[in-house]
Amino acid sequence: MVREGVLSPAHSGEFIAKHAKHVKITEAGQNKLATEILSSIKANQLQMPDTEAKSIHPYNDHPRAVDWVFVVDALNFCFWSKCKEEQWIVNGYTGYYALEAALNKAIKEGVEIADPAFYSKITKEQLHEILKGDNSVDIPLFDQRLSILHEVGSILLDKYNGTFETCVKEANKSAVKLLDIVVSNFPCFRDEAIYKDQVVSFYKRAQILVADLWNSFNGASWGEFKDIDKMTMFADYRVPQVLVYFGVMSYSDELIDKLKKDMLLESGSEEEVEIRGCSIHAVELLKKSIEEKIKEKDLNLNVPNSSLIDYYLWCYRREHARELERIPYHKTLGIYY
Ligand SMILES: Nc1nc2c(c(CN[C@H]3C=C[C@H](O)[C@@H]3O)cn2[C@@H]2O[C@H](COP(=O)(O)O)[C@@H](O)[C@H]2O)c(=O)[nH]1
C-alpha cells in the first residue's frame, strides 16, 4: 500500500516497538485489558461513537455528510492546552467534541463549512467566527487550521470535482485504497516520521477519516469498506495514556519525568515516535490476545477490529478521567493528531 519506501502504520508499529528504548510494551496489562474488552464485547458495548457524538454529528442523510466527515478530520488535531484556564470550549464541550460542536453550530447557522468551494477561500475572520469559543480562548494552531482548509479545499476543487465523495468512489470500497488516495494527494494528512533511518507512518487523521465514514454510514453506502480491518488504532495523545494506565505500555523514568513536568515532545522526536508506534503495535497485540481468548473459550463472538478497540480505549479515558489523571499524556504541537 501507500507511498514508496514508507512502512505502513501496522509495520511501523512493529518496527518501532522492536527498537524502542523510551517505551516498552508489557505483557502484564495485556491480559487484564483483553479480558476487560472481551466482557464489553459480550455486553455488546463495543461499538463506534456513543450518543454524545451522535448528538453533535449531522446525520448521514445530510446532503454533504461525506464532506462533513472530511472537514472534521482535516481539523481533528491538537486540542490540549498548557493549563485548564487556556482550554478552548464550545457550548460547554472541550477537545474533539468542541470542534464538532463549533462546526455543527456553523452548519445550523447556514455557513457552508462542509463545502470546499467555501472553505478553500475562507477568511481568517470567518474562521475565527466559526471556531469562536465560550471564553476568549482560541483553538490551538488556528493559523495552521486556516491554511489546511485552503489546501484541502483547493485540492478537492482542482482534482475531485469539489467533493470528497469523488475520492470515496475512486477507492471502490477499499479502506486501504482510500487511505492511499488521502495521504498521496493531501499533504496535511501525510503523518510520517524518520526513525532509525526508516520512514515510518502513523496516518492518524487519514485512518480515522476512513473509520469515521465507516461508522457514520454504519458500514454501508459511503461507509462500505471490505478491508476496514486493515486500519490500525489512531495514534493520538489520549489512547497511549489508557494503555499506560492498564500497564500494557510503560515509559522510561526519564520520559515519565518529562511528561510530569509538562514538557512538550518535539514532533518527530524519538520519544514521540516511540509512544505512537508502540501504541499502534500494542493494540495489534491486544487484538490478537482477544482473538485467542475467543478461540480458547470457543465463544461465538466477532473479534473487534483495531478501530473498535481504539474507540473503546479513547472513550475509556473520558469515562474514567479521574483515575487517568495520575497518568500524564504527551503533548506535541502539530497538525497530525
Ligand atoms: N485514537 C482516537 N483519537 C481520537 C478519537 C476522536 C473522536 N473520534 C470519534 C468520536 C466521535 C466521532 O464519531 C469520532 O469517530 C478524537 N481523537 C483524538 O483525541 C484527541 C482529543 O482528545 P480530547 O482532547 O480528549 O477530546 C485528539 O488527538 C483527537 O484527534 C478517536 O476515536 N480515537
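The values are calculated or read from the model by the stated rules, or taken from the named source; none is laboratory data. Note that this is a predicted model, so its numbers are computed, not measured. Every residue, glycine among them, receives a Cβ derived from its backbone with ideal geometry; neighbour counts consider all protein chains shown. Accessible surface is based on the protein model in full, side chains and every heavy atom, while ligands, DNA and RNA are left aside. Shrake-Rupley method; radii C 1.70, N 1.55, O 1.52, S 1.80 Å.
Mind listing which trypsin sites (Lys or Arg not before Pro) in segment 220-290 are in a DSSP loop and have 12 or fewer other Cβ atoms within 10 Å? Sites meeting the loop and neighbour criteria: 226, 261. Comparing 98, 206, 43 in a Gaussian network model of the chain, where Cα atoms under 10 Å apart are tied by springs, the biggest mean-square fluctuation is seen for 43.
Net charge in the neighbourhood of residue 138 (other residues with Cβ under 15 Å of its Cβ; Lys, Arg +1, Asp, Glu -1) is -2. The orientation-averaged shadow of the Cα convex hull for segment 1-149, equal to a quarter of the hull surface, comes to 13.3 nm². A compact globular protein would have a Cα radius of gyration near 2.2 N^0.38 Å; the ratio found for segment 175-295 is 1.18. Counting every pair of alpha carbons in segment 65-190, the share spaced more than 21 Å apart comes to 39 percent. Remark: segment 110-116, residue by residue, has Karplus-estimated 3J(HN,Hα) of x, 7, 7, 5, 9, 9, x Hz, where x stands for each Gly or Pro and the curve is 6.51 cos²θ - 1.76 cosθ + 1.60 at θ = phi - 60°. Taking amide H positions as modeled 1.01 Å from N, with prolines and chain starts lacking one, no residue 5 or more places away or on another chain lies under 5 Å from residue 305. Once you've got the GNM for the chain with C-alpha springs shorter than 10 Å, pick whichever of 141, 209, 301 has the biggest mean-square fluctuation. Largest GNM mean-square fluctuation: 301.
Net charge in the neighbourhood of residue 107 (other residues with Cβ under 14 Å of its Cβ; Lys, Arg +1, Asp, Glu -1) is -4. The angle between the Cα long axis of helix 270-296 and the longest principal axis of the Cα atoms of the chain comes to about 70 degrees, rounded to the nearest 10. Expressed as a whole percent, the accessible area of the chain that falls on carbon and sulfur atoms is 50 (1.4 Å probe).
In the context of the full set of protein chains, segment 184-306 has a per residue accessible area of 39 Å² (1.4 Å probe).
Measuring from centroid to centroid over Cα atoms, what is the spacing of segment 88-166 and segment 170-198 in Å? The two parts, judged by their Cα centres, are 22 Å apart.
Computed over the chain, the P(r) tail beyond 30 angstrom holds 33 percent of alpha carbon pairs.
Between 0 and 90 degrees, the angle of helix 175-185 with respect to the longest Cα principal axis of the chain falls at about 60 degrees. To the nearest 10 degrees, how steeply does helix 306-319 sit against the main Cα axis of the chain, on a 0 to 90 scale? On a 0 to 90 degree scale, this one is about 90.
Probing with 1.4 Å while keeping every protein chain in the model, the per residue accessible area of segment 96-163 equals 44 Å². Of the GluC sites (Glu not before Pro) in segment 111-191, the ones in a loop by DSSP (not H, G, I, E or B) with at most 14 other beta carbons within 10 Å are 112.
Note that segment 20-28 has calculated 3J(HN,Hα) couplings of 5, 10, 8, 9, 10, 8, 10, 4, 2 Hz, one per residue in order, obtained from phi through the Karplus relation 6.51 cos²θ - 1.76 cosθ + 1.60 (θ = phi - 60°); glycine and proline are x. Express in % the proportion of alpha carbon pairs of segment 65-104 at distances exceeding 12 Å. For segment 65-104, the share of Cα pairs beyond 12 Å comes to 57 percent. Once backbone amide H atoms are built at 1.01 Å from N, residue 6 has no partners under 5 Å, excluding neighbours fewer than 5 places away on the same chain. Taking each DSSP H run with n ≥ 4 as -39500 (n - 2.57) and averaging over every residue of the chain yields -16000 deg cm²/dmol at 222 nm.
What FRET efficiency would be calculated for the residue pair residue 262, residue 144, taking the C-beta separation as r and a Förster radius of 30 Å, to the nearest 0.05? In this case the efficiency is close to 0.90.
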